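Working notes, beginning with the structure itself.
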Amino acid sequence: MEAMISILIGVLTAGGVYLCLRSHTFPVVLGLTLLSYGVNLFLFMMGRLVIGKPPIISDDASSYADPIPQALVLTAIVISFAMTAYIIVLALKARNEMGNDHVDGKDVR
Amino acid sequence: MGLAYLTLIPFIGAAFTAFSTRLGRYSSAWVAVVAVLSSLFLLWPLAWQVTDGSTIVQHLPQWMPELGFNLAFRLDGLALLFSLMILLVGLVVIIYARYYLSARDSMGRFYAYLLLFMGSMLGIVLSENILQLLMFWELTSLSSFLLISYWQQREEASRGARMALTITGAGGLAMLGGFLMLGKMAGSYELSDILNGGEAIRNHALYLPMLLLVLLGAFTKSAQFPFHFWLPNAMAAPTPVSAYLHSATMVKAGIFLLARLYPALSGTPEWIWLVSGTGLVTFVIGAYIALFKHDMKALLAYSTISHLGLIVMLFGISTPLAVLAGIFHIMNHTVFKASLFMLAGIVDHETGTRDMRQLRGLRRSMPYTALLTCLAAAAMAGIPLFNGFISKEMFFAETVEHGQHLGLAWLVPVIVTVGGIFAAAYSLRLAHNVFFNGVTPDLPKTPHEPSRGMQLPVEILVLPCLVIGIAPSLAEPLLSLVVGSTLQAAVPEYHLAIWHGFNPALLMSMLAVAGGILVYSQREKFFALQTRVDGKLEAKILYNGTIRRLFAWSSAITMNADNLSQKRMLWILFVTAIGLGFYGFLSTASPLVGDRELLPVDPMSAMVALIMIAAAISTVLMHQQRFTALVLVSAVGLGVALTFIKFSAPDLALTQLAVEFITAVLLLLALFFLPQTTPDERDRWRQGRDIVIALSAGLGIAGLSYAVLTREYTSIADYFITNSVSGGGGANVVNVLLVDFRGFDTMGEITVLALAGLGIYAMLDQLKLLSPKQDGDGRPWNPDTHPLIMATFSRLLLPLALLVAIFILLRGHNLPGGGFIAGLVTSAALIVQYLANGVEWTRSKLPANTHPLIGSGLLIAASTGIASWYFGYPFLTSTFSHLHLPLLGDFELASAMAFDIGVYLVVVGTSLLILINLGLIHQISFQARPSKRAVPSSSPAQAAQVPKPGKPNHKKRWLPKRHEARQGVQAGRRKPIMSTIKRGLPWKR
């Protein structure tokens, strides 16, 4: 299971990095989304893989998953939504002002 | 506490003055006067307590005791003298400025800055803790920047302000280092300890570096050579500012520091050489340059530099009598220099110029001003019966007596006398050149006497020049008090008198005055000599060159790293990160795989993971088909939510699901305005490079994840799990962490969220976007935007969805849920309404402006935190209790719940703000479409048919309205737009 999750995170990261390096805004936004999935999963996995032990205190449970990475990732998800939104609007604004959707406004060699 | 309040009052007054302009133009002056009088009123009883030579030290509650940073104030004779100077001269300047500023100048802004400065200055002189002193020190640099650049439209004002800030700011930085060392040497940052620890400080191995750093701070502030050049350039400030900052207060801050730290630092050879040497050089150079300045204010600026040098030199001599003379000259200089600046301002105000090559013979039109100027200039020149004479003669006496410390016994008195000659000459020039010296030529304004309001402040300041000059013993009580507290020792025997008999000092005074008259009468020859070397000797040129080189270097470095290409910056970033990661991995010997027991793979998980991997790879492969890629990336997101559920994170799964929905809507909205496809890459090499970077990044992260996941670890989680119910009153540890244990972090996060929302709002404001008619494959968009079935169902769904959101919010403390998730669910429910029913319909039911929502959310969260102060707990301490309600049973009520509601409101407000505004643009562009003629589409097939660019009506389309208005201002930004337009439809390759 650990190997599978590691590969999954690796694929998400690789895809995200590749798309971030594209020269048009929309693929970059997609890339950031993929990358943030990868990063969020990676952060979350710092609490190790624990099945069936949500960190909700009850008399029946004996141990719990680590709540700290979860709390971190929860806000990270919301913040990355805000940042995605910000970048999308930036892309729209750039499209409007520059007349194209290239990340640099023009093709820089 | 009185001292803290009296320092605080000007700051409060500054806030009031800024607003009081609404009540009329002059109300701000009244508010400023009231602020100063209140400070004086508070100072009054305290001042009487220290007249017997005692010291008041008032400690405020500790701030950072670990760092030795306490808020503490101190009042003794020295602090009293400076406080009185700051407040009384400030009062006079406020009255003067009321009449000086013209109708175009904003009074409120002026007085607000002035009071800011006054408060900072009071803070310096009343500080007991030197770190606190430094804080106020920097505040004076900042507020003086604002004052110097008060006339923002003038280029020289902003240049002068920048220069002053650079020099004094750099000095402040050096002083910070010096103070930290000083604090370590004395074992405390409290002045009381430092002043008593002089012996240990002077014998410390690092005494010299510390002294150099502290002196750098003092000398830059007091415009000592070679840092003097900022002061003349700061003369671009309005004259009341020059009179206040550049004669009486700010430039004296450096001298205050020398006086304050005198018992701790002085007396060593290093001190004597550095301080008196700098003072001597500054005194002579300042006096020499002052003579050749044709601008009245520039002359006064250099003369100020010169007088400051004189005072610094006296402190450097390090004898009790020299200190006494220095402090006496501080008092005298303040009154005559402030009045002279005001007189220069009067001349400027009434004639329109300060150029002494044009000004002459003004005594006929302005006789009273001429009289006042002659009196003040006589004090500056050191003529008997004026206050300047007495302190200057004491200065001469000290140089004769102790000059041998500095070298040849006769040399110092000679140099000093030469300086005195120039001082007499420029004083004479100021009075004679302007008010006598022939007939007044045509001036920009017809000169006449100024209003009483401008004369009165000058009279107030000139009066002590005469009184002290004739009856100097009147100043003795105050002087003794100040000198006693400066020396922290007994005051030496002295007597202030006009006549001390024939002695070298008197001879030097006479020589200086006679020489001054001689030099002034031969001034044409000196001017001719000076024009030949003019501009070559100025430190300003060195400064400008240094600054230019610094800018050139930094821009060269920046341009090397960043050629304005995001792609390039990103790949450098990625490659660096990957390189560092692999380096770290390869340079340690620890194995990749740890020894934690691994989990078995179950078929369901394997399937989800495979689907996610497939979707992610397809997203990359098909990213040119933008819509398809969007669907695929959402699939990955849903997979992430499933992963969270699998691995015991229900809160995360809920959050991810809700965010996924909102993000998808957002991306769809954006995609509508962007080209539907991405053109092919032309550069195969670059594509290959990116693939290599991406694969190494993926490999690195996968390896890192695997290394982490196979190892055991210890976590601090146990504390939170144990204390969640007992300390936070909630069973859902994740939620308790967010709203209680780490509530301050969450507070910051929702603030970031709110800021992002507002930023987006600002960017979308006035943005006009074109909507394409067809999608990428040439199919027209469906005009039927709101299908009936969807609209009907979504309306039915809304109450239910909101109920779910509230349920999730309320239960969040104990079960999966909470403010973030509930907020996202609410937004999702509302966004569905917009999607199904259209923006217009929904806006008529719901307010589109969600700013109040965001603001109230932040306020609720913050006030929950502040409420705990009220009960004597630290910020954001939560409390909870159990209530028993009929029917509902036992019910837990935590104060963190209120915080969570704040979070909820911010999340709802921000996500709605973003989507509604984007949707509104959508709406506008849709409505506008039928009335417009053929609009260029972004699809390649369409774009090919669009006529060649360059047609004027075509240009305007791509410019938002606000941008057009700004075109003139932002010429730099306009160019690329225009050039891209000229090049042709740029979005089409």
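The values are calculated or read from the model by the stated rules, or taken from the named source; none is laboratory data. All values derive from a computational prediction rather than experimental measurement. So basically every Cβ, Gly included, is an ideal-geometry build from the backbone, and we count neighbours across all protein chains shown. SASA here: full protein model, heavy atoms, side chains in, ligands and nucleic acids out. Shrake-Rupley method; radii C 1.70, N 1.55, O 1.52, S 1.80 Å.
If only residues of the stretch B:596-607 that are out of contact with any Ser or Thr (no Cβ under 7 Å at 6 or more places or on another chain) and more than 7 Å from chain A (Cβ to nearest Cβ) are counted, the one that is farthest from residue B:632 (Cα to Cα) is B:597.
For every residue, the table says whether it meets (1) in a helix (DSSP H, G or I); (2) open to solvent by 10 Å² or more (accessible area, probe 1.4 Å); (3) touching a residue at least 40 places away in the same chain (Cβ under 8 Å).
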residue: B:122; (1), (2), (3): yes, no, yes
residue: B:131; (1), (2), (3): yes, yes, yes
residue: B:145; (1), (2), (3): yes, yes, no
residue: B:151; (1), (2), (3): no, yes, yes
residue: B:157; (1), (2), (3): yes, no, yes
residue: B:167; (1), (2), (3): yes, yes, yes
residue: B:182; (1), (2), (3): yes, no, yes
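Number of residues in the stretch B:614-641 that are closer than 26 Å to residue A:100 by Cα and either open to solvent by 10 Å² or more (accessible area, probe 1.4 Å) or free of Cβ contacts under 8 Å to residues at least 40 places away in the same chain (or both): the value is 15. Within the stretch B:35-67, the residues that satisfy the criterion of being under 27 Å from the mean Cα position of the chain (by Cα) and crowded, with 18+ Cβ neighbours inside 10 Å are B:35, B:36, B:39.
Scanning the stretch B:642-682 for residues that are open to solvent by 40 Å² or more (accessible area, probe 1.4 Å) and closer than 22 Å to residue A:77 by Cα returns B:642, B:645, B:646, B:654, B:657, B:661, B:668. The residues listed here are B:4, B:15; of these, the one that is touching a residue at least 12 places away in the same chain (Cβ under 8 Å) and in contact with a strand residue (DSSP E or B) (Cβ under 6 Å, 6 or more places away or on another chain) is B:4.
I want to confirm something. Restricting to the stretch B:568-595 and keeping residues that are over 26 Å from residue A:29 (Cα atoms) and open to solvent by less than 60 Å² (accessible area, probe 1.4 Å), which single residue is nearest to the other protein chains (Cβ to nearest Cβ)? The qualifying residue nearest to the other protein chains (Cβ to nearest Cβ) is B:594.
Summed over the stretch B:522-536, residues that are surrounded by 12 or more Cβ atoms within 10 Å (Cβ to Cβ) and either modelled with pLDDT of 80 or more or among the hydrophobic types (A, V, I, L, M, F, W, C) (or both) total 3. Scanning the stretch B:206-227 for residues that are open to solvent by 10 Å² or more (accessible area, probe 1.4 Å), modelled with pLDDT of 90 or more and part of a loop (DSSP other than H, G, I, E, B) returns a single hit, B:206. Only one of the listed residues (B:483, B:467, B:513) is hydrophobic (A, V, I, L, M, F, W, C), touching a helix residue (DSSP H, G or I) at 6+ places or on another chain (Cβ under 9 Å), closer than 21 Å to residue B:315 by Cα and surrounded by 13 or more Cβ atoms within 10 Å (Cβ to Cβ). That residue is B:483. In the stretch B:1-30, of all residues being more than 24 Å from the chain's Cα centre (by Cα) and aromatic (Phe, Trp, Tyr), the one that is modelled with the lowest pLDDT corresponds to B:26.
State all residues of the stretch B:793-815 that are open to solvent by less than 20 Å² (accessible area, probe 1.4 Å) and closer than 21 Å to residue B:660 by Cβ; if no residue qualifies, say none. Steps first, please.
Kept after step one, since they are open to solvent by less than 20 Å² (accessible area, probe 1.4 Å), are these residues of the stretch B:793-815: B:794, B:805, B:808-809, B:812-813.
B:794, B:805, B:808, B:809, B:812 - these are the residues of the stretch B:793-815 that are open to solvent by less than 20 Å² (accessible area, probe 1.4 Å) and closer than 21 Å to residue B:660 by Cβ.
The number of residues in the stretch A:59-72 that are open to solvent by 10 Å² or more (accessible area, probe 1.4 Å), under 19 Å from residue B:735 (Cα atoms) and either more than 7 Å from chain B (Cβ to nearest Cβ) or in contact (Cβ under 8 Å) with a residue 24 or more places away in the chain (or both) comes to 5. Filtering the stretch A:73-89 to residues that are open to solvent by 30 Å² or more (accessible area, probe 1.4 Å) and either at the interface with chain B (Cβ under 7 Å from one of its Cβ atoms) or touching a Cys at 6+ places or on another chain (Cβ under 9 Å) (or both) leaves A:79, A:83, A:86. Applying the condition of being polar (S, T, N, Q) and within 29 Å of residue B:878 (Cβ to Cβ) to the stretch B:688-737 and asking which residue is most open to solvent (accessible area, probe 1.4 Å) yields B:714.
Condition first: facing chain B (nearest Cβ under 7 Å), open to solvent by 10 Å² or more (accessible area, probe 1.4 Å) and modelled with pLDDT of 90 or more. Now tell me which residues in the stretch A:16-32 satisfy that. Listed by number, the list holds a single entry, A:18. Set side by side, the residues B:703, B:688, B:727 differ, and just one is among the small types (Gly, Ala, Ser), assigned to a helix (DSSP H, G or I) and within 8 Å of chain A (Cβ to nearest Cβ), which is B:703.
Limited to the stretch B:539-567, what total is found for residues that are within 30 Å of residue B:690 (Cα to Cα), among the polar types (S, T, N, Q) and open to solvent by 50 Å² or more (accessible area, probe 1.4 Å)? Walk me through how you get there before you give the answer.
Within the stretch B:539-567, the subset within 30 Å of residue B:690 (Cα to Cα) is B:554-567.
So of that shortlist, the ones also among the polar types (S, T, N, Q) come out as B:554-555, B:558, B:560, B:563, B:565-566.
Filter once more, keeping what is open to solvent by 50 Å² or more (accessible area, probe 1.4 Å): B:554-555, B:558, B:560, B:566.
So the count comes out to 5.
If a residue must be polar (S, T, N, Q) and outside any helix (DSSP H, G or I), how many such residues does the stretch A:28-59 contain? Count: 1.
A quick yes/no check of all residues on (1) farther than 22 Å from residue B:377 by Cα; (2) touching a Phe, Trp or Tyr at 6+ places or on another chain (Cβ under 8 Å):
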{"position": "B:215", "(1), (2)": "yes, no"}
{"position": "B:227", "(1), (2)": "yes, yes"}
{"position": "B:250", "(1), (2)": "no, yes"}
{"position": "B:263", "(1), (2)": "yes, no"}
{"position": "B:293", "(1), (2)": "no, yes"}
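Once the stretch A:92-109 is narrowed to residues that are open to solvent by less than 10 Å² (accessible area, probe 1.4 Å) and out of contact with any Pro (no Cβ under 7 Å at 6 or more places or on another chain), the residue that is modelled with the highest pLDDT is A:92. Looking across the stretch B:134-147, the residues that are in contact with a Leu (Cβ under 8 Å, 6 or more places away or on another chain) and aliphatic (A, V, I, L, M) come down to B:134, B:139, B:142, B:146, B:147.
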